[in-house]
Amino acid sequence: MSDGALTVTAEGFLLRVRLTPGAAFDRVDGPGDGYLAARVRAKPENGKANAALEALLAKALGAPKRAVSVTRGGKSRLKTVAVTAGAETLARARTLLDNTTGGNP
């Protein structure tokens with residue numbers, strides 16, 4: 001099943017994320033046009049921004065850090081993030097995508 005920014009897979013789900021590195025703070029901003037917008041303080045150097053995104057999404061989704069990984073777009077703003085988790089985490093992801101005001105996790 002695919003719903004723009006969210007694709008359900010056999011292992012969990014994939015999220016399309018537009019990341020803004022070098023921000024003033026770490027934050028999930030909410031849905032964009034076919035993606036989830038997020039920003040992190042880390043600079044896009046040596047994978048630091050990707051690691052910060054993984055940690056941010058793990059916290060926002062209530063999933064272990066090991067369950068969240070950037071699988072595509074490692075060097076671009078638009079990324080695909082794989083989340084290997086159950087139905088509760090999927091429900092939290094859908095809530096983030098329905099949230100129009102953004103906010104901290």
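The values are calculated or read from the model by the stated rules, or taken from the named source; none is laboratory data. It should be emphasised that the depicted structure is a prediction, and the values quoted were computed from it without experimental measurement. Positions of Cβ are backbone-derived with ideal geometry, glycine not excepted, and every protein chain shown enters the neighbour counts.
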Exercise for the section: Keeping to region 27-47, report how many residues are closer than 13 Å to Arg77 by Cα and among the basic types (Lys, Arg). Expected result: 2
Completion exercise
Thr84 vs (1) crowded, with 21+ Cβ neighbours inside 10 Å; (2) β-branched (Val, Ile, Thr); (3) over 12 Å from the mean Cα position of the chain (by Cα): all pass except (1)
Practice task
May I ask you to say which residue of Gly30, Gly22, Gly34 is crowded, with 16+ Cβ neighbours inside 10 Å, at positive phi and not charged (D, E, K, R)?
Solution key: Gly30
Completion exercise
Of the residues in region 36-52, those that are touching an Asp or Glu at 6+ places or on another chain (Cβ under 9 Å) and not small (Gly, Ala, Ser) come to Leu36, Arg39, Val40, Arg41
Problem - Pairs where the first residue, in region 41-55, is under 15 Å from Arg18 (Cβ atoms) and aliphatic (A, V, I, L, M) and the second is in a loop (DSSP other than H, G, I, E, B) and at pLDDT below 95, C-beta under 6 Å, 6+ apart - result: none
Fill in the blank from the handout: Across region 4-13, the tally of residues that are surrounded by fewer than 19 Cβ atoms within 10 Å (Cβ to Cβ), in contact (Cβ under 8 Å) with a residue 60 or more places away in the chain and assigned to a strand (DSSP E or B) stands at 1
Practice task
Might you check whether a residue that is at pLDDT below 95 and in contact with a Gly (Cβ under 7 Å, 6 or more places away or on another chain) occurs anywhere in region 5-12?
Solution key: yes
Practice task
Give me a count of the residues in region 75-89 that are touching an Asp or Glu at 6+ places or on another chain (Cβ under 8 Å) and farther than 9 Å from Ala63 by Cβ.
Solution key: 2
Completion exercise
Filtering region 56-79 down to residues that are in a helix (DSSP H, G or I) and loosely packed, with under 15 Cβ neighbours inside 10 Å yields Lys65, Arg66
Exercise for the section: Taking only region 38-55 into account, find how many residues are closer than 23 Å to Glu88 by Cβ and not in a helix (DSSP H, G or I). Expected result: 1
